[in-house]
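The values are calculated or read from the model by the stated rules, or taken from the named source; none is laboratory data. The structure displayed is predicted, hence computed values, not measured ones. Don't worry about glycine lacking a Cβ; one is built from the backbone with ideal geometry, like all the others, and counts go over all protein chains shown.
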Amino acid sequence: MEVRNKYIATKNPIDGAPNASDFCICEELISVKLPTAGESNSNDVVVVRNLYVSIDPYQINRMKTHSRSHNVFPTASAVLPGQAIEAGGLGRVVDSGNPDFKAGDVVSGILNWGEYTVVKGGRLLQKLDTSLGFPLSY
């Protein structure tokens, strides 16, 4: 099943204080149901419905034309205009081709500023133990 995924992106590199006009809401069609093993290779992909994302001050450096941090930290690489912005986040697995994750799992990791994130290989995802009943709103 395909859904329209809305995500936030920059329009252009931001070299001053950011304004709402520097950002746009983009849409893309994504599949939230992976093919079965007999149909095609699901490529170890995990589809996550984002619940929360962190908007951290360091991310402004990622949106600049040039920043020394672009080459120092893999998580601080430059964000290209139109590209989904990645950040730490919390989400619920919708479907998974990765044996470590199943639909309904709550995960934390690097997610997009958007409704869904397609994570290849479960990269940097960590499954959270929800058995204690701790509310996700905290």
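Checked against the criterion of being under 27 Å from F23 (Cα atoms), surrounded by 17 or more Cβ atoms within 10 Å (Cβ to Cβ) and at pLDDT below 85, the range 101-112 contains not a single residue that satisfies it. Reported count of residues in the range 123-138, each being over 21 Å from the mean Cα position of the chain (by Cα), at negative phi and surrounded by fewer than 10 Cβ atoms within 10 Å (Cβ to Cβ), is 3. Close contacts from the range 35-61, counting a first residue that is part of a strand (DSSP E or B) and a second that is of a type in the set (F, W, Y) and at pLDDT 80 or above, with Cβ to Cβ under 7 Å and a gap of 6+ residues or different chains, come to V46/F101; V47/Y116; V48/Y116; R49/Y116; N50/Y116; V53/W113. Total residues in the range 87-134 satisfying the condition of being among the aromatic types (F, W, Y) and not in a loop (DSSP other than H, G, I, E, B): the figure is 1.
Comparison of I14, I25, I30 shows that the only residue that is modelled with pLDDT of 80 or more, within 19 Å of P81 (Cβ to Cβ) and under 17 Å from the mean Cα position of the chain (by Cα) is I25. If the condition is being out of contact with any Ser or Thr (no Cβ under 9 Å at 6 or more places or on another chain) and more than 13 Å from M63 (Cα to Cα), then the range 1-23 contributes R4, K6, A20, S21. Considering the range 66-88, and only residues there that are under 16 Å from R123 (Cβ atoms) and of a type in the set (S, T, Y), the residue that is modelled with the highest pLDDT turns out to be S77.
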